[in-house]
Amino acid sequence: MRKNIFLLLSALLIASLFPLGAPAQTAAEFRDHTDIPKQWPQQPVRSAHGMVATDDPLASQAGVEILKRGGNAVDAAVATAFALAVVEPAAGNIGGGGFMLVRLANGKSTFFDYREMAPAKAGRDMYIMPDGKLDPEASTIGYRSVAVPGTVAGLTLALKTYGKLKLADVLQPAIRYAEQGIPVTDKLVREFDEERSGLQRYSMSNHIFLNDGKYFHAGDTLRQPELAATLKRIAKNGPADFYQGEIAQMLAKDMAALGGLITLDDLAHYQPKVRDVLHADFKIDDHRWEVISSPPPSSGGVAVIEALNMLQNVPIKGWDDPQSVHMVLEVMRRIFADRAAYLADPDFSNVPVAGLTDPCYAKELLATIDLTRASSSKEIHAGNPHVCSQGISASAKANTIVSLGEGPHTTHFSVVDSAGNAVASTFTLNDSYGSHVTSSAGFLLNDEMDDFTTQPGVPNALFGLIQSEANTIGPGKRPLSSMTPTIVVRDGQLSFVTGSPGGPTIISVTLLSVINWMRLGMDAQAAINAPRFHHQWLPDEAWIEILFSPQMEDQLKSRGYPVKRRGHLGLINAIGIDSKTGERCGAADPRDNGSAIGY
Ligand code: DON
């Protein structure tokens with residue numbers, strides 16, 4: 001116990017020494033943007049049949065093209081994901097990993113986990129230098145930061161399980177974009193510029209994204225012939241080419257030549273997993289609501305359900321009401337304290353999911369909130385999750401808290417088809433442009449190794465989320481994630497599809513979007529436009545978007561919160577179903593020019 005307190009105090013000290021904002025590069029949705037468009041859409045895009053909402057119009061078009069060709073939501077989602085790997089290189093990927101939550105029109109839900117895995121040669125101390133210090137770059141940039149990619153295995157498994165079309169068909173839009181090229185947008189120019197110092201270190205990245213040092217200008221065409229060739233090989237030979245065939249050979253050769261750890265064996269052993277979804281039921285205003293969300297190795301579903309349970313009987317009036325913001329901030333503080341202590345890869349440790357998502361445990365946590373004053377995170381620590389019916393003895397032991405860390409850039413998209421099948425999917429390279437390494441097969445590689453606890457007792461290189469001993473590096477292990485694709489069902493009918501990028505803020509902003517829809521009755525676009533805030537226990541700060549009034553900031557400060565303004569938090573591309581008309585209402589996030597397209 002005493003040792004735990006000592007470690008907790010050390011973690012607090014470390015957190016105060018390494019405030020957020022320290023990372024060398026930060027994803028678009030995490031930066032303080034001054035260029036948020038003034039005119040935000042006030043209405044969702046409505047359509048009778050299908051809808052695709054993504055970060056990029058070309059990706060949304062790819063999904064709609066597949067829906068119109070008779071594909072279902074899973075066909076469209078797989079096409080959209082491959083298209084994002086071409087048109088949104090910062091986050092869309094085949095060299096990373098992610099999660100796909102599917103709810104079929106018949107009510108069956110499935111979670112596809114294609115999170116990356118640590119290679120066999122990875123070890124707990126692999127980023128620690130001979131002097132005992134953490135190598136600040138090794139887990140975030142270059143070959144050694146790369147975990148075994150899962151995207152191709154996961155997308156093809158989802159397609160095989162539920163799709164109607166062939167892999168070659170759903171790959172067509174992505175192949176076309178890579179081969180014929182896409183217009184270089186202002187956003188791409190800005191990103192290439194921001195990531196230049198990392199990209200120019202690696203010859204393929206310099207060649208493809210920096211135009212061999214001649215750089216791109218808005219309106220140029222970005223062609224990716226190497227990626228097109230790789231996508232064509234996948235279309236022809238299936239995922240086996242990526243994990244055992246020619247693509248695997250190319251990747252393993254790059255790794256061997258340039259100091260990476262991934263071998264042919266690691267690729268051959270990669271396994272996507274089908275996991276049980278998390279469910280929670282709520283009764284609000286005579287309606288039965290069900291929230292379906294992401295299980296570990298995501299921490300998000302547990303956290304969102306724990307929060308909704310705590311808030312179940314708490315009045316929430318809206319985000320211009322300081323009392324409502326206060327209560328949700330305090331709930332966030334507590335779910336993040338639990339995340340830090342208990343969440344990790346469930347294949348390697350025992351995560352007390354049942355206790356953490358038990359409504360009666362939520363009641364006990366709620367009782368620790370002061371209704372008028374901010375708590376201090378120094379005094380709030382992980383709870384004692386347990387299933388009430390089994391008594392306190394069923395509770396889990398908190399892991400020792402030893403490290404900080406979470407990485408930046410990711411993309412979320414949502415799809416609903418005409419039959420009512422729905423997909424919420426979030427996938428990532430971790431950092432913007434991942435490890436910044438592009439393989440000789442033309443695709444960027446993740447730096448997901450930094451989502452592990454990279455050095456017990458020392459903060460990870462990216463921004464500060466406390467994580468546990470259970471999340472330390474081990475061969476074949478999946479690093480803990482915050483990605484939270486989530487689907488909401490009302491009276492047995494599909495109602496809302498949501499999720500976001502944003503590292504730890506994913507959890508907070510996905511939660512807020514669900515509250516906006518389910519508790520506050522906002523329409524889909526209002527639920528996405530509404531101002532967002534975040535608290536992650538440590539550092540002990542309330543982050544609020546610039547959209548909040550100065551009065552709200554004053555109110556929160558007077559309750560005792562250290563307040564930090566953020567440009568914006570998260571990028572949610574959601575779809576709501578109009579319960580009266582059945583229309584699909586696409587709401588892309590105006591914080592970064594998302595795009596909802598229906599038909
Ligand atoms: O899986 C995770 O939680 C992180 N790799 C996600 C990183 C992220 O969302 C960065 N975006 N800002």
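The values are calculated or read from the model by the stated rules, or taken from the named source; none is laboratory data. Please read all numbers here as calculations on a predicted model, not as lab measurements. Every residue, glycine among them, receives a Cβ derived from its backbone with ideal geometry; neighbour counts consider all protein chains shown. All accessible areas refer to the heavy atoms of the entire protein, side chains included, with ligands and DNA or RNA removed. Shrake-Rupley method; radii C 1.70, N 1.55, O 1.52, S 1.80 Å.
When region 489-504 is filtered for residues that are in contact with a Gly (Cβ under 9 Å, 6 or more places away or on another chain) and away from the ligand (no atom under 16 Å from the Cβ), the ones remaining, listed by number, are 489, 492, 493, 494, 495, 496, 497.
Any residue at all in region 217-229 that's surrounded by 22 or more Cβ atoms within 10 Å (Cβ to Cβ) and not in a loop (DSSP other than H, G, I, E, B)? Scanning region 217-229, I find at least one residue that is surrounded by 22 or more Cβ atoms within 10 Å (Cβ to Cβ) and not in a loop (DSSP other than H, G, I, E, B), so the answer is yes.
Looking at the structure I just gave you, is residue 138 in contact with a helix residue (DSSP H, G or I) (Cβ under 8 Å, 6 or more places away or on another chain), open to solvent by 10 Å² or more (accessible area, probe 1.4 Å) and assigned to a loop (DSSP other than H, G, I, E, B)? Reasoning before the result, please.
Values: in contact with a helix residue (DSSP H, G or I) (Cβ under 8 Å, 6 or more places away or on another chain): yes; open to solvent by 10 Å² or more (accessible area, probe 1.4 Å): yes; assigned to a loop (DSSP other than H, G, I, E, B): yes.
Yes: the conditions hold for residue 138.
If you go through region 37-93 and keep only what is within 16 Å of the ligand (Cβ to nearest atom) and either under 17 Å from residue 416 (Cα atoms) or not in a helix (DSSP H, G or I) (or both), you end up with 54, 55, 56, 81, 88, 89, 90, 91, 92, 93. Residue count for region 102-127 satisfying the condition of being of a type outside the set (D, E, K, R), closer than 10 Å to residue 148 by Cβ and within 24 Å of the chain's Cα centre (by Cα): 4.
All of 552, 518 fail the test of being of a type in the set (A, V, I, L, M), more than 22 Å from residue 371 (Cα to Cα) and at pLDDT 95 or above, apart from 518. Scanning region 189-203 for residues that are more than 20 Å from residue 83 (Cα to Cα) and surrounded by 18 or more Cβ atoms within 10 Å (Cβ to Cβ) yields 194, 195, 198, 199, 202.
I'm trying to understand the selection: among the residues of region 495-515, which are assigned to a helix (DSSP H, G or I) and either open to solvent by 10 Å² or more (accessible area, probe 1.4 Å) or touching an Asp or Glu at 6+ places or on another chain (Cβ under 9 Å) (or both)? First the steps, then the outcome.
Looking only at region 495-515, we keep the residues that are assigned to a helix (DSSP H, G or I), and these are 505-515.
Listed by number, the list holds a single entry, 505.
Residue 564 meets each of the listed conditions (1) assigned to a strand (DSSP E or B); (2) surrounded by 23 or more Cβ atoms within 10 Å (Cβ to Cβ) apart from (2). The residue that is farthest from residue 296 (Cα to Cα), among those in region 262-272 that are buried (at least 18 other Cβ atoms within 10 Å of the Cβ) and in contact with a Phe, Trp or Tyr (Cβ under 8 Å, 6 or more places away or on another chain), is 267.
One line per residue, one yes/no per condition, for (1) more than 16 Å from the ligand (Cβ to nearest atom); (2) within 19 Å of the chain's Cα centre (by Cα); (3) buried (at least 24 other Cβ atoms within 10 Å of the Cβ); (4) not polar (S, T, N, Q):
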residue	(1), (2), (3), (4)
282	yes, no, no, yes
286	yes, no, no, yes
306	yes, yes, yes, yes
316	yes, no, no, yes
324	yes, no, no, no
335	no, yes, yes, yes
349	yes, no, no, no
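Annotation: of all residues in region 361-383 being within 28 Å of the chain's Cα centre (by Cα) and surrounded by fewer than 17 Cβ atoms within 10 Å (Cβ to Cβ), the one that is nearest to residue 305 (Cα to Cα) is 363. Restricting attention to region 303-326, which residues are hydrophobic (A, V, I, L, M, F, W, C) and closer than 17 Å to residue 553 by Cβ? Once the filter is applied, which keeps residues that are hydrophobic (A, V, I, L, M, F, W, C) and closer than 17 Å to residue 553 by Cβ, region 303-326 yields 319, 325.
Among residues of region 40-76 being of a type in the set (Gly, Ala, Ser) and farther than 28 Å from residue 531 by Cα, the one that is surrounded by the most Cβ atoms within 10 Å (Cβ to Cβ) is 63. Would you mind telling me which numbered condition in (1) among the hydrophobic types (A, V, I, L, M, F, W, C); (2) within 19 Å of the chain's Cα centre (by Cα); (3) at pLDDT 95 or above residue 404 fails? Evaluating residue 404 over (1) among the hydrophobic types (A, V, I, L, M, F, W, C); (2) within 19 Å of the chain's Cα centre (by Cα); (3) at pLDDT 95 or above leaves (3) as the failure. Scan region 102-133 for residues that are open to solvent by 20 Å² or more (accessible area, probe 1.4 Å), of a type in the set (A, V, I, L, M), part of a loop (DSSP other than H, G, I, E, B) and touching a residue at least 12 places away in the same chain (Cβ under 8 Å) and jot them down. Once the filter is applied, which keeps residues that are open to solvent by 20 Å² or more (accessible area, probe 1.4 Å), of a type in the set (A, V, I, L, M), part of a loop (DSSP other than H, G, I, E, B) and touching a residue at least 12 places away in the same chain (Cβ under 8 Å), region 102-133 yields 104, 105, 120, 126.
Going by what's in this entry, would residue 536 be described as open to solvent by 40 Å² or more (accessible area, probe 1.4 Å) and polar (S, T, N, Q)? So residue 536 does not fit the description; no.
Any chance you could count how many residues in region 567-581 are of a type outside the set (S, T, N, Q) and open to solvent by 30 Å² or more (accessible area, probe 1.4 Å)? Selection size over region 567-581: 2.
Take the conditions modelled with pLDDT under 95, surrounded by fewer than 18 Cβ atoms within 10 Å (Cβ to Cβ) and outside any helix (DSSP H, G or I) and apply them to residue 5. Does it pass?
Details: modelled with pLDDT under 95: yes; surrounded by fewer than 18 Cβ atoms within 10 Å (Cβ to Cβ): yes; outside any helix (DSSP H, G or I): no.
When the stated conditions are applied, residue 5 does not pass them.
Select from region 519-533 the residues that are open to solvent by less than 10 Å² (accessible area, probe 1.4 Å) and in a helix (DSSP H, G or I) and write down the one among them that is nearest to the ligand (Cβ to nearest atom). Checking each candidate, the answer is 528. In region 390-401, the condition of being closer than 18 Å to residue 560 by Cβ and open to solvent by 30 Å² or more (accessible area, probe 1.4 Å) is met by no residue.
Within region 420-433, the set of residues being in contact with a helix residue (DSSP H, G or I) (Cβ under 8 Å, 6 or more places away or on another chain) and either modelled with pLDDT of 95 or more or more than 10 Å from the ligand (Cβ to nearest atom) (or both) comprises 421, 422, 423, 425, 426, 427, 428, 429, 430, 432, 433. Pull out all pairs, ordered by first then second residue, where Cβ-Cβ is under 8 Å, the residues are six or more apart or on different chains, the first lies in region 236-248 and is open to solvent by 80 Å² or more (accessible area, probe 1.4 Å) and part of a loop (DSSP other than H, G, I, E, B), and the second is at pLDDT 95 or above and not small (Gly, Ala, Ser). That search, which allows pairs on different chains as well, returns 244/264; 244/267.
When residue 275 is tested against the conditions (1) open to solvent by less than 50 Å² (accessible area, probe 1.4 Å); (2) more than 16 Å from the ligand (Cβ to nearest atom); (3) basic (Lys, Arg), the lone failure is (2).
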